[in-house]
């Protein structure tokens, strides 16, 4: 009897949420780093230059002069709306963009491509997407050191090349994954026992 576990919808949703959050934050970094912050930095520099040229303490009609100047230069009429932005603030947006954009793209790509993930076990062996396949006599080890967290690896050799198949009850549907593990433990245990007996017989005959 074949048991097949497909990728968990919850796992894909988590990948999608992380991708959307990271890419959304990256989009804000693009907006702020290329447009908003440079414009605010320009406003602040012009405001500071105006203050230096017309000190408030020495300019009785400072507010009127500022409103006239702001109207000509397209600056906020209320100077309290001018935000202080430095070159460091702008560079910080580019740094965050360089971090969040790749992370968002990676998680987004995995969220899309993971739709084709699956793992299967039957009387012949274990198989998974990507062309991975191991008959019971090809399996060399069942790594269950992390099975308390729902993760195990079926280690096998394919034409002399070591490879492994992931069993993960977080990435794959939980109940079928556990059923697959039961099948693996049963069949591979029998296969390993038969292999040991064959080795002992060969040694005795030698």
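Quick one: count up the residues across region 163-174 that are surrounded by 16 or more Cβ atoms within 10 Å (Cβ to Cβ) and either touching a helix residue (DSSP H, G or I) at 6+ places or on another chain (Cβ under 8 Å) or more than 17 Å from residue 188 (Cβ to Cβ) (or both).
Counting residues in region 163-174 that are surrounded by 16 or more Cβ atoms within 10 Å (Cβ to Cβ) and either touching a helix residue (DSSP H, G or I) at 6+ places or on another chain (Cβ under 8 Å) or more than 17 Å from residue 188 (Cβ to Cβ) (or both) gives 6.
From 20, 103, 30, grab the single residue that is at negative phi, in a helix (DSSP H, G or I), crowded, with 16+ Cβ neighbours inside 10 Å and modelled with pLDDT of 95 or more.
After ruling out the rest, the residue left standing is 103.
For residue 94, state whether it is out of contact with any strand residue (DSSP E or B) (no Cβ under 7 Å at 6 or more places or on another chain), at pLDDT 90 or above and farther than 27 Å from residue 17 by Cα.
Details: out of contact with any strand residue (DSSP E or B) (no Cβ under 7 Å at 6 or more places or on another chain): yes; at pLDDT 90 or above: yes; farther than 27 Å from residue 17 by Cα: no.
Here the answer is no, as residue 94 does not meet what is asked.
Considering each residue of region 41-69, count those that are outside any helix (DSSP H, G or I) and surrounded by fewer than 13 Cβ atoms within 10 Å (Cβ to Cβ), and give that number.
3
Tell me the residue from 63, 81 that is free of Cβ contacts under 8 Å to residues at least 12 places away in the same chain and under 46 Å from the mean Cα position of the chain (by Cα), please.
81
Report yes if residue 130 is assigned to a loop (DSSP other than H, G, I, E, B) and either surrounded by 14 or more Cβ atoms within 10 Å (Cβ to Cβ) or under 24 Å from the mean Cα position of the chain (by Cα) (or both), otherwise no.
For residue 130, the condition - assigned to a loop (DSSP other than H, G, I, E, B) and either surrounded by 14 or more Cβ atoms within 10 Å (Cβ to Cβ) or under 24 Å from the mean Cα position of the chain (by Cα) (or both) - is met.
Look at residue 136 and say whether it is in contact (Cβ under 8 Å) with a residue 40 or more places away in the chain, closer than 17 Å to residue 181 by Cα and surrounded by 14 or more Cβ atoms within 10 Å (Cβ to Cβ).
yes
Any residue in region 154-162 that is over 30 Å from residue 42 (Cα atoms), exposed (fewer than 14 other Cβ atoms within 10 Å of the Cβ) and touching a residue at least 60 places away in the same chain (Cβ under 8 Å)?
For region 154-162, residues over 30 Å from residue 42 (Cα atoms), exposed (fewer than 14 other Cβ atoms within 10 Å of the Cβ) and touching a residue at least 60 places away in the same chain (Cβ under 8 Å): absent.
The values are calculated or read from the model by the stated rules, or taken from the named source; none is laboratory data. Since we're looking at a predicted model, the values are computed, not measured. Reconstructed Cβ throughout: ideal geometry from the backbone, glycine too, with neighbour counts over all protein chains shown.
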